[in-house]
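Reading through the structure tokens given below for one structure.
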């Protein structure tokens, strides 16, 4: 085989991936197949030796893989090998039957657990042969994942079957939504553009009048003292108005920015630096924004911009008094699994600022990539920020998560010091704190291998002092949730703590003259603790009584790492399993073991069947500052619908739509318990039975806020990032800033009815105003497909964000008709439906109705 032949196979080889059956194996395995078709005039034989590399989120042939010798399927003459993480290799054996042009082979196999979504498969499969440059298999280079076959039967889109599942009686209730089901789900009526919430997030108090001012009439100026120059510049940029230090021009209409007292005591609240008071006086032609601090003035500006009609220039006469529910209103972004550009980050920060969010949790390292330049440790980005095909990981990381063999994809990329400083500065101008996360001690594959590359490249004492694992010891018996070996740094090595100190110091320096670093997040999640039992350094910790047993090594690491963070005078951030190391006991490390002034813990593990929902309260009761980050409502890497065509993971919930995020009640965690993972409605006593010693919140002051999470395993493109975050982020902002009256109701029936009314107002605000603002910013948010029903000849349609344009086609998409109201469509047998954005530039996923189906 020469390069030309391999290139030909890359261009022509047919690949089809298909889930065959999730159910007959219970929850342990599912059946799948890979079909290879030779479309080239050159036969594919077992020699010269070739291989196909691909990524798969489940372990293939569990029970036989992983092992260093691979797993041979004699029937097909092929062998599967697990490389690491999600990367697998398929290669022929001597029994492989030659594929002539037009021949196919269906390689049926099993994989672990289940797969119910197209995006579980990864793109960019590639082919190799000895001595040749790897080539992408063209038919798999497809973000629409056309090589993945349809999930067209219940056994493909369901994941639990009570007949085969011997562990418990569980039956998957979820089916892809029909158009009729979607119409039933869409509970919000179209109230028109004059109604809906006038401001998102909802203020404490708002009074609007029919009179107004127009910024297009007269000579408007902005008046602000030097201490509010940042806020004045922001407003001037948005409105195109001049700034003056005082009102020297008596003919001018003025927007006054000032600091002062904002009385929110009538709402049983205390003023904070984020409290503000906005007054728009149409008689005096004066707009006054008073903030308790600069942040309060900034949020008053955001409310003013929300009331401002950019087309007409009108702002209604208004009085708004406002203050946030929580001091922490955050968004987490993982740029490690797939890299996202500085411009994408800045766009996210801009939208966060509009909706008064103030914390940006920046997940900068993980197994699949290290994304921030660290002066003095250049290999972290020279090696750890690159993914591609190489015979040595001293040059780059493996091509994980479908990034392919080349370095021009989202698998490769990092922020320079200059990039990061620009992000910090941009965030500061918008009163957003950047909280960097370096995930330790697990999820550290990229860092470990980068530091090994440093050692092998330099082989001196300075290189050795930053090694994060014993170069002689490689664990093959333990694997992380994401199927990695060797992704855990070794807590017994002093090098580890020297590395942490170096990284913290360098990141702190990047913040220093812009916005001083306040909180450093060390991760701490999903650590396969058993990997340390083979470490000589960890064995020595136990032998010398520095720890009482291997079960306490995680606590040893976390508290020692936290002490380093404290020495830099920083607060600590950690995921909940970073301070709760034994899920069976659900017992946090004592807060007194941490020297940091504050320790922020992010509570995410609340799958209702797990019995861990109360961990957030338990952590708060133990003195930790808790950020509500629950997987069932706030994980934006989950799909919007239970449909195989929707992008997303589904470990915490089968789907999380914007309404579900909006309905989250952070002050009453147990009231959010709705359905099992199967979709079965939870009985009234479920929490009592599954939450052993149900935790009562004794220290509500320690629940400091909420955060949405976007993990990016399946998010490779900028538009995909926007799609997964928005508009769910707006619902998150609403709940984090504003406590709705219905949240306080004990009567569930009344609470649900009031929440439905509130959602209707919110959904109308989205469709008639807020999504148009996102359109103007080129935010590619998720557009929900419409619901529809045909009774006789009459078509009825609706949308979850009422007011968005809806269209239908009676000729398989050749022509589209805008839906206005119920319409007679005659004897149609098949109809396609889409929703469009308000500017009609983008379209939802097409959905289909067929008569009799």
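Suppose a student asked you for the relative contact order of the range 749-853, using Cα pairs under 8 Å spaced at least 6 residues apart; what percent would you report?
26 percent
Measuring from label point to label point, each 7 Å out along Cα→Cβ, what is the residue 568 to residue 609 span in nm?
Taking the two extended label points, one gets 4.1 nm.
With N residues in the range 95-165, what two-decimal value do you get for its Cα radius of gyration over 2.2 N^0.38 Å?
1.46
Over the chain, what is the mean sequence separation of C-alpha contacts under 8 Å (at least six apart), divided by residue count, expressed as relative contact order in percent?
12 percent
I'd like the antiparallel share, as a percent to the nearest 5, of DSSP beta bridges with both residues in the range 3-172.
The answer is about 95 percent antiparallel.
If you average the sequence gap of Cα pairs under 8 Å that are 6 or more apart and divide by the length of the range 3-172, what percent do you get for the contact order?
The value is 32 percent.
At a 10 angstrom cut-off on C-beta neighbours, averaged per residue, how do the peptides 260-266, 641-647, 400-406 rank from highest to lowest?
400-406, 641-647, 260-266
Please list 237-243, 716-722 highest first by mean number of surrounding beta-carbon atoms within 10 Å per residue.
Result, highest mean Cβ count within 10 Å first: 716-722, 237-243.
Work out how much length residue 853 to residue 392 would gain on full extension: take 0.36 nm times their residue separation and subtract the Cα-Cα distance, in nm to one decimal.
Gain on extension, residue 853 to residue 392, equals 160.6 nm.
So what are the radius of gyration and Dmax for the Cα set of the range 749-853, in Å?
15.2, 46
Once every DSSP H run of n ≥ 4 in the chain is given -39500 (n - 2.57) and the sum is divided by its residues, what mean residue ellipticity at 222 nm do you get, rounded to the nearest 500 deg cm²/dmol?
-6500 deg cm²/dmol
Could you tell me the distance between the Cα centroids of the range 314-393 and the range 635-658, to the nearest Å?
Here the two parts' Cα centres lie 21 Å apart.
Using the number of other C-beta atoms within 10 angstrom as an exposure proxy, rank 433, 543 with the fewest first.
Taking fewest neighbouring Cβ atoms as first place, the list is 543, 433.
Which order do 414, 340 fall in if you start with the one that has the fewest other Cβ atoms within 10 Å?
Fewest-to-most ranking of 414, 340: 414, 340.
Taking the alpha-carbon centroid of each part, what is the distance from the range 85-158 to the range 687-721 in angstrom?
Centre-to-centre distance over Cα atoms comes out at 34 Å.
Looking at the chain only, what percent of DSSP beta bridges run antiparallel? Nearest 5 please.
Taking every DSSP beta bridge with both residues in the chain, the antiparallel ones total about 60 percent.
Please work out the Cα center distance from the range 509-566 to the range 24-53, rounded to the nearest Å.
So the separation of the two Cα centres works out to 43 Å.
Tell me, what does the Kirkwood hydrodynamic radius of the chain come to in angstroms if you use every pair of distinct C-alpha atoms?
By the Kirkwood definition, the hydrodynamic radius is 29.0 Å.
Divide the volume of the convex hull of the Cα atoms of the range 513-597 by its number of residues and quote the answer in cubic angstrom per residue.
Convex hull of Cα atoms, per residue: 115 Å³.
By count of other Cβ within 10 Å, fewest leading, how are 525, 367 ordered?
Fewest-to-most Cβ neighbours within 10 Å comes out as 525, 367.
FRET efficiency for residue 776 and residue 216, Cβ-Cβ distance as r, R0 = 30 Å, nearest 0.05?
Calculated value: 0.95.
Using the eigenvalues of the Cα gyration tensor, what equivalent ellipsoid semi-axes result for the range 3-172 when each is taken as the square root of five times the eigenvalue, whole Å, largest first?
The three semi-axes for the range 3-172 are 30, 17, 14 Å.
Quick note: the coordinates plus some simple rules give every number you see, no bench work behind them. All values derive from a computational prediction rather than experimental measurement. Note: ideal-geometry Cβ built from the backbone for every residue, glycine included; neighbour counts use all protein chains shown.
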